[in-house]
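Visitor: Quick one: the structure is below, questions incoming.
The values are calculated or read from the model by the stated rules, or taken from the named source; none is laboratory data. Predicted model only: the values in this text are computed from it and were never measured. Backbone-built Cβ (ideal geometry, glycine too); neighbour counts: all protein chains shown.
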Amino acid sequence: MSSVIPHSPPMTTLWGILTDELINIYDVHHVCVAAGKTIASFINQTTIIFLRSPLEEKYNIWLCEPEQRTEQFRWQDKNKLLSPLLLSEDISSLPTDLFVDGPIYHLAATHITLAPFYSSWFGYAPSGAIAFTGGNLP
C-alpha cells in the first residue's frame, strides 16, 4: 500500500518534527499524545493511537484531530477485535462499526487503516497500533 498524500512535505520533515517534539518526553502516555497529535497535524487526518494496558485487557485510545484537542479514552475490547490484529503485525482496513462499544464507532469515517506497532526483538515493546481515518495510508 504505497499511497502519496498530495502536497505533503517529505517524511524527513515529519521525522524532524517528531524528534523535536519527543526529545524531552519519557512517559509512554505523553509520547502517544505528542506523536499522535504531531502526525495528525502533519498529514491533516484523524490519527488514533491504541496502547494496550500491560496489566488489564483494556486499551488507552487517543483520538488526535489536526486542529482540535486530543481526547483520551479507556476501552475494554470485549469482542477481542484488536489483540489478534496486533499479533499479526499486518496493516488492516477496518470498518468503524466493528467498534460499537468504543469511541471509534462515533467517528465520521466509515473505515480506519490500522498499523500495529512493530514487535521489537531486543526487548519489551508495548502492544498497540496507530490508525488513520483517511483513505490513504501516509
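Visitor: Pull out all pairs, ordered by first then second residue, where Cβ-Cβ is under 6 Å, the residues are six or more apart or on different chains, the first lies in the range 59-81 and is within 9 Å of residue 37 (Cα to Cα) and touching a residue at least 40 places away in the same chain (Cβ under 8 Å), and the second is of a type outside the set (S, T, N, Q) and surrounded by 15 or more Cβ atoms within 10 Å (Cβ to Cβ).
Guide: From residues that are within 9 Å of residue 37 (Cα to Cα) and touching a residue at least 40 places away in the same chain (Cβ under 8 Å), the pairs are 63/48.
Visitor: All but one of (1) among the hydroxyl-bearing types (Ser, Thr, Tyr); (2) more than 12 Å from the chain's Cα centre (by Cα); (3) within 17 Å of residue 133 (Cα to Cα) hold for residue 47; state the number of the condition that does not hold.
Guide: Condition not satisfied by residue 47: (2).
Visitor: So residue 74 ticks every box in (1) farther than 18 Å from residue 134 by Cβ; (2) out of contact with any Phe, Trp or Tyr (no Cβ under 8 Å at 6 or more places or on another chain); (3) at pLDDT 85 or above but one. Which box is left unticked?
Guide: The failed condition is (2).
Visitor: Tally up the residues in the range 114-134 that are modelled with pLDDT under 80 and farther than 17 Å from residue 57 by Cα, please.
Guide: Count: 8.
Visitor: Oh, and also: Where the second residue is surrounded by fewer than 19 Cβ atoms within 10 Å (Cβ to Cβ) and hydrophobic (A, V, I, L, M, F, W, C) and the first is at positive phi and lies in the range 42-56, which pairs have Cβ atoms under 9 Å and are six or more apart or on separate chains?
Guide: 44/5
Visitor: Only one of 100, 33, 28 is closer than 18 Å to residue 14 by Cβ and either within 15 Å of the chain's Cα centre (by Cα) or of a type in the set (A, V, I, L, M) (or both); which?
Guide: Going through 100, 33, 28 in turn, just one is closer than 18 Å to residue 14 by Cβ and either within 15 Å of the chain's Cα centre (by Cα) or of a type in the set (A, V, I, L, M) (or both): 33.
Visitor: Same structure, new question: If you scan the range 89-110, which residues turn out to be within 15 Å of residue 130 (Cβ to Cβ) and not in a loop (DSSP other than H, G, I, E, B)?
Guide: Those that are within 15 Å of residue 130 (Cβ to Cβ) and not in a loop (DSSP other than H, G, I, E, B): 92, 93, 94, 104.
Visitor: If you check every pair at least six apart or on different chains, which have Cβ atoms under 6 Å apart with a residue in the range 85-98 that is closer than 14 Å to residue 50 by Cβ and without any contact (Cβ under 8 Å) to a residue 60 or more places away in the chain first and a residue that is among the β-branched types (Val, Ile, Thr) and surrounded by 12 or more Cβ atoms within 10 Å (Cβ to Cβ) second?
Guide: Going by the 6 Å Cβ cut-off, the qualifying pairs are 94/112; 96/104.
Visitor: Among the residues of the range 27-64, write down those that are of a type in the set (A, V, I, L, M) and assigned to a helix (DSSP H, G or I).
Guide: Answer for the range 27-64, where residues must be of a type in the set (A, V, I, L, M) and assigned to a helix (DSSP H, G or I): 28, 31, 33, 34, 35, 39, 40, 43.
Visitor: So, in the range 88-113, how many residues would count as being farther than 17 Å from residue 45 by Cα and modelled with pLDDT under 80?
Guide: Matching residues across the range 88-113 total 4.
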